[in-house]
Amino acid sequence: MIAVVIGPPGSGKGTQASRVATRLGIPHVATGDILRAEIAKESALGRELEPIIASGALVPDDLILRIIEARLSEPDAASGALLDGFPRTVAQAKALDAMLEHRGSSVDVVVLLQVPEDELWRRMRRRAAEEGRPDDTDDAFRHRLVVYQAETAPVLDYYRSRGTRIAAIDGVGSVDDVTERISVALTRRQRSQRAS
Ligand code: AMP
């Protein structure tokens with residue numbers, strides 16, 4: 001099963017995608033984590049990425065697509081993947097569809113994690129104190145929210161127009177409760193897929 005988790009910055013998609021992927025037995029593929037690992041390695045690419053990510057802007061589509069193509073070609077992704085933070089633009093969504101079509105597969109379900117904006121700010125400030133991510137500053141976060149509305153929200157319209165199932169999940173509540181809500185939606189989907 002190929003599932004995509006979409007949600008605004010601070011919606012908890014990283015935490016939730018990791019927990020849900022473990023439950024489903026498919027790899028959690030988070031482009032943000034892959035990019036941050038590249039920065040931590042202090043590679044030439046990492047040094048190029050660092051200021052882009054710290055500002056809250058998106059990194060170029062072609063780079064992300066190369067990362068995803070390589071990751072989905074690894075053996076553990078043969079039975080599917082839970083994609084977190086990708087696709088983030090309509091161009092990425094179209095490229096993903098083309099990539100999956102080649103492999104005889106497609107996006108099965110999109111999980112939309114919904115959290116009101118005041119709660120997103122509260123969570124970002126808590127995470128900033130705990131983790132110190134360079135893009136968890138007021139300016140970068142404001143920019144990430146704008147980018148989400150302008151670039152990522154249209155991805156949902158794209159999937160809607162393609163008839164892909166979208167599971168809208170209330171992302172407010174305890175971490176366990178939200179994991180449960182997503183798992184129920186995806187397990188149902190995984191079962192009906194296996195039955196067909
Ligand atoms: P995340 O951990 O998903 O919040 O991503 C952190 C940052 O990594 C984003 O603000 C972007 O700068 C970059 N990034 C992650 N995924 C993508 C993507 N699919 N396309 C472009 N940039 C991305």
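Of all the numbered requirements in (1) within 25 Å of Asp97 (Cα to Cα); (2) surrounded by fewer than 15 Cβ atoms within 10 Å (Cβ to Cβ); (3) within 19 Å of the chain's Cα centre (by Cα), Asp170 misses one, and that requirement is (1). In the range 12-40, the residue that is nearest to the chain's Cα centre (by Cα) out of those that are touching a residue at least 60 places away in the same chain (Cβ under 8 Å), within 15 Å of the ligand (Cβ to nearest atom) and open to solvent by less than 20 Å² (accessible area, probe 1.4 Å) is Ala17. The residues in the range 1-14 that are over 12 Å from Leu113 (Cα atoms) and out of contact with any Leu (no Cβ under 6 Å at 6 or more places or on another chain) can be counted, and the count is 2. Within the range 76-89, being within 15 Å of the chain's Cα centre (by Cα) and open to solvent by 60 Å² or more (accessible area, probe 1.4 Å) holds for one residue alone: Arg88.
Counting only residues that are more than 11 Å from the ligand (Cβ to nearest atom) and open to solvent by 10 Å² or more (accessible area, probe 1.4 Å), which one in the range 1-11 is farthest from Arg142 (Cα to Cα)? Show your work before the answer.
In the first step, residues of the range 1-11 are kept if they are more than 11 Å from the ligand (Cβ to nearest atom); the result is 1-3.
So of that shortlist, the ones also open to solvent by 10 Å² or more (accessible area, probe 1.4 Å) come out as 1-2.
Details: Met1: 33, Ile2: 30 Å.
Here the residue is Met1.
Within the range 87-106, being under 19 Å from Ile166 (Cβ atoms) and either of a type in the set (Lys, Arg) or away from the ligand (no atom under 14 Å from the Cβ) (or both) holds for Arg88, Lys94, Asp97, Leu100, Ser105, Ser106. Taking the conditions (1) hydroxyl-bearing (Ser, Thr, Tyr); (2) more than 10 Å from the ligand (Cβ to nearest atom); (3) surrounded by 12 or more Cβ atoms within 10 Å (Cβ to Cβ) in turn, Ser73 satisfies each one other than (3). Please work out if Val175 is surrounded by fewer than 18 Cβ atoms within 10 Å (Cβ to Cβ) and of a type outside the set (Ser, Thr, Tyr). Yes, satisfied.
Of everything listed in (1) among the small types (Gly, Ala, Ser); (2) under 28 Å from Glu130 (Cβ atoms); (3) open to solvent by less than 30 Å² (accessible area, probe 1.4 Å); (4) within 12 Å of the ligand (Cβ to nearest atom), the single unmet condition for Ser55 is (3). Looking at this structure, is Asp61 within 15 Å of the chain's Cα centre (by Cα) and surrounded by fewer than 17 Cβ atoms within 10 Å (Cβ to Cβ)? So Asp61 passes the test.
The values are calculated or read from the model by the stated rules, or taken from the named source; none is laboratory data. As the structure is a prediction and not an experimental result, all values here were calculated from the model. Neighbour counts run over all protein chains shown; Cβ positions are idealised from the backbone, glycine included. The protein model used for the area step is the full one, side chains on, heavy atoms only, and it has no ligands, DNA or RNA in it. Shrake-Rupley method; radii C 1.70, N 1.55, O 1.52, S 1.80 Å.
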